[in-house]
Protein chains: 2
Amino acid sequence: MIRLLLADDQALVRGALAAMLDLEPDLTVVAQVAAGDEVVPTARRVDPDVALLDVQMPGLDGLAAAAALHRAMPEVRIIICTTFGRPGYLSRAMAAGAAGFVVKDAPPEQLVDAVRRVHSGLRVVDPALAAESLATGPSPLTAREHEVLVAAATGRSVAELAGTLHLSEGTIRNHLSSAIGKTGARTSAAAARIAEERGWL
Amino acid sequence: MIRLLLADDQALVRGALAAMLDLEPDLTVVAQVAAGDEVVPTARRVDPDVALLDVQMPGLDGLAAAAALHRAMPEVRIIICTTFGRPGYLSRAMAAGAAGFVVKDAPPEQLVDAVRRVHSGLRVVDPALAAESLATGPSPLTAREHEVLVAAATGRSVAELAGTLHLSEGTIRNHLSSAIGKTGARTSAAAARIAEERGWL
DNA sequence: CGCAAAGCATGACAGGTGTCATGCGCGGGA
DNA sequence: TCCCGCGCATGACACCTGTCATGCTTTGCG
């Protein structure tokens with residue numbers, strides 16, 4: 001019997017996944033959580049074989065939760081399960097110690113299959129996504145550019161960013177300009193959008 | 001036995017919901033589709049009692065599919081089921097003839113309950129969301145402002161918008177300026193973001 | 001050590017953006 | 001019928017943004 005921990009902030013989706021996985025004779029869902037920071041404490045309590053983590057979650061996101069769980073309980077096999085097949089997510093998931101990566105577009109059997117494979121020690125990754133991830137490469141953004149771009153993503157002005165990040169306006173503009181060049185965008189708003197799509201934020 | 005049609009572009013979520021709903025003794029999922037334009041043809045074939053439609057779908061979106069289905073088969077009860085509880089979605093869903101509106105944050109029992117209530121002729125709406133919807137009001141954007149804002153959402157420049165929409169740059173700027181005023185934003189990018197969040201796009 | 005890369009800053013400049021005043025034509029409601 | 005609201009357009013203006021050149025530090029690698 002493979003013991004599963006489910007983490008997803010959407011109760012409906014989480015419950016539905018649990019119902020589906022519980023139908024399999026060799027799987028059993030032993031815990032469900034709605035936030036990233038509940039993953040490690042709950043895992044310690046129930047000692048699952050496999051943890052299925054969504055990326056979008058309040059508190060700690062799925063990738064950070066995966067890293068924390070892998071550090072705390074390396075024997076737990078981790079699958080990242082996400083809506084968006086963004087290239088950056090995959091590489092970050094692998095870096096965080098995940099053993100599998102499944103997008104929510106995939107057919108249900110694929111998830112069940114992934115759980116079994118991962119439990120038996122294999123790694124499971126969508127080949128198409130892996131290729132795209134390698135083609136796009138890792139995020140070329142420096143720490144500062146990342147920080148500035150995240151703050152700019154909500155549409156704030158340069159002056160506001162300078163205030164909240166305690167940098168001069170000129171510096172903000174420099175970092176944004178650099179990020180614009182690296183994303184191939186023409187405005188900071190577009191740069192933020194593109195970086196977001198690639199999973200660089 | 002309540003016969004259900006499921007429409008959601010994410011195969012994993014769709015399959016999981018089907019598994020969960022099929023567990024209920026009085027419910028049965030008779031069809032699943034992945035795109036909005038498959039809803040009406042499939043409904044004609046299987047004649048469901050209730051249709052559960054996601055908003056985000058390729059082809060026709062869930063709201064447009066709801067309107068088409070309600071026109072073609074008024075006796076089918078429609079529930080819109082969406083990730084985002086955006087105020088504008090609710091009012092548009094109701095205008096499209098939907099009988100229920102459930103967000104994916106809700107507990108699983110609530111969806112099952114909604115199906116039964118809707119099937120028995122009731123309307124099901126999250127009270128908190130209804131209040132927010134009334135407070136925010138309908139979209140104040142004119143048709144042109146809407147069009148321009150949608151085109152601007154991807155971060156294109158004014159000159160590009162003028163080209164694709166066949167309007168002068170000055171006119172584009174006027175519409176954007178008006179939309180900026182109505183959303184309370186300070187830049188067109190932020191205006192697009194805010195309108196998006198409110199379900200005005 | 002010396003050099004490269006990154007962070008930070010300044011100043012200057014071209015071009016894009018948001019606002020406003022103004023004008024014209026059209027269609028629907030009082 | 002008249003007038004208001006909307007779409008569309010122009011032109012002008014202030015301001016913001018993106019780019020570039022330049023320079024100074026700190027950090028880390030060969």
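Numerical summary
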read-out: Candidate set: the range B:172-201, residues that are of a type in the set (Ser, Thr, Tyr) and within 9 Å of DNA strand C (Cβ to nearest atom); chosen: the one nearest to B:ASP61 (Cα to Cα); value: B:SER188
read-out: Enumeration of residues in the range B:90-114 that are aliphatic (A, V, I, L, M) and farther than 18 Å from B:LEU5 by Cβ; value: B:LEU90, B:MET94, B:ALA95, B:VAL103, B:ALA106
read-out: Checklist (1) within 13 Å of DNA strand C (Cβ to nearest atom); (2) away from chain A (no Cβ under 14 Å); (3) at pLDDT below 90; (4) under 23 Å from the mean Cα position of the chain (by Cα) applied to B:THR154, failing item; value: (2)
read-out: Only one of B:ARG144, B:ARG193 that is of a type in the set (Lys, Arg), out of contact with any Ser or Thr (no Cβ under 6 Å at 6 or more places or on another chain) and away from DNA strand D (no atom under 12 Å from the Cβ); value: B:ARG193
read-out: Verdict on B:ALA68 being within 18 Å of the chain's Cα centre (by Cα) and surrounded by fewer than 22 Cβ atoms within 10 Å (Cβ to Cβ); value: yes
read-out: Residue under evaluation B:GLU132, criteria (1) closer than 20 Å to B:TRP200 by Cβ; (2) within 14 Å of another protein chain (Cβ to nearest Cβ); (3) surrounded by fewer than 18 Cβ atoms within 10 Å (Cβ to Cβ), criterion not met; value: (2)
read-out: From the options B:ALA185, B:ALA179, residue that is within 11 Å of another protein chain (Cβ to nearest Cβ) and either of a type outside the set (S, T, N, Q) or surrounded by fewer than 16 Cβ atoms within 10 Å (Cβ to Cβ) (or both); value: B:ALA185
read-out: Residue that is farthest from B:ASP105 (Cα to Cα), among those in the range B:147-166 that are surrounded by 15 or more Cβ atoms within 10 Å (Cβ to Cβ), within 13 Å of DNA strand D (Cβ to nearest atom) and free of Cβ contacts under 8 Å to residues at least 12 places away in the same chain; value: B:ALA162
read-out: Single residue of A:VAL112, A:VAL118 found to be under 21 Å from the mean Cα position of the chain (by Cα) and farther than 23 Å from A:ARG86 by Cβ; value: A:VAL112
read-out: Among (1) away from chain A (no Cβ under 12 Å); (2) more than 17 Å from the chain's Cα centre (by Cα); (3) crowded, with 19+ Cβ neighbours inside 10 Å - the single one B:GLY15 does not satisfy; value: (1)
read-out: Selection from the range A:167-182 of residues that are more than 7 Å from DNA strand D (Cβ to nearest atom), modelled with pLDDT of 90 or more and either of a type in the set (A, V, I, L, M) or not in a helix (DSSP H, G or I) (or both); value: A:ILE172, A:ALA179
read-out: Flag if B:ALA185 is within 12 Å of DNA strand D (Cβ to nearest atom) and part of a loop (DSSP other than H, G, I, E, B); value: yes
read-out: Residue match in the range B:101-109 (condition: farther than 27 Å from B:ASP37 by Cβ, within 14 Å of another protein chain (Cβ to nearest Cβ) and in a helix (DSSP H, G or I)); value: yes
read-out: Among the candidates A:ALA7, A:ALA93, residue that is buried (at least 23 other Cβ atoms within 10 Å of the Cβ), aliphatic (A, V, I, L, M) and under 10 Å from the mean Cα position of the chain (by Cα); value: A:ALA93
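Conditions tested, residue by residue: (1) over 22 Å from A:ARG117 (Cβ atoms); (2) assigned to a loop (DSSP other than H, G, I, E, B).
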position: A:ASP9; (1), (2): yes, yes
position: A:MET20; (1), (2): no, no
position: A:VAL39; (1), (2): no, no
position: A:ALA43; (1), (2): no, no
position: A:PRO48; (1), (2): no, yes
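The values are calculated or read from the model by the stated rules, or taken from the named source; none is laboratory data. Quick caveat, the model's predicted, so the values are computed rather than measured. With ideal geometry, Cβ positions are generated from the backbone for all residues, glycine too; neighbour counts draw on all protein chains shown.
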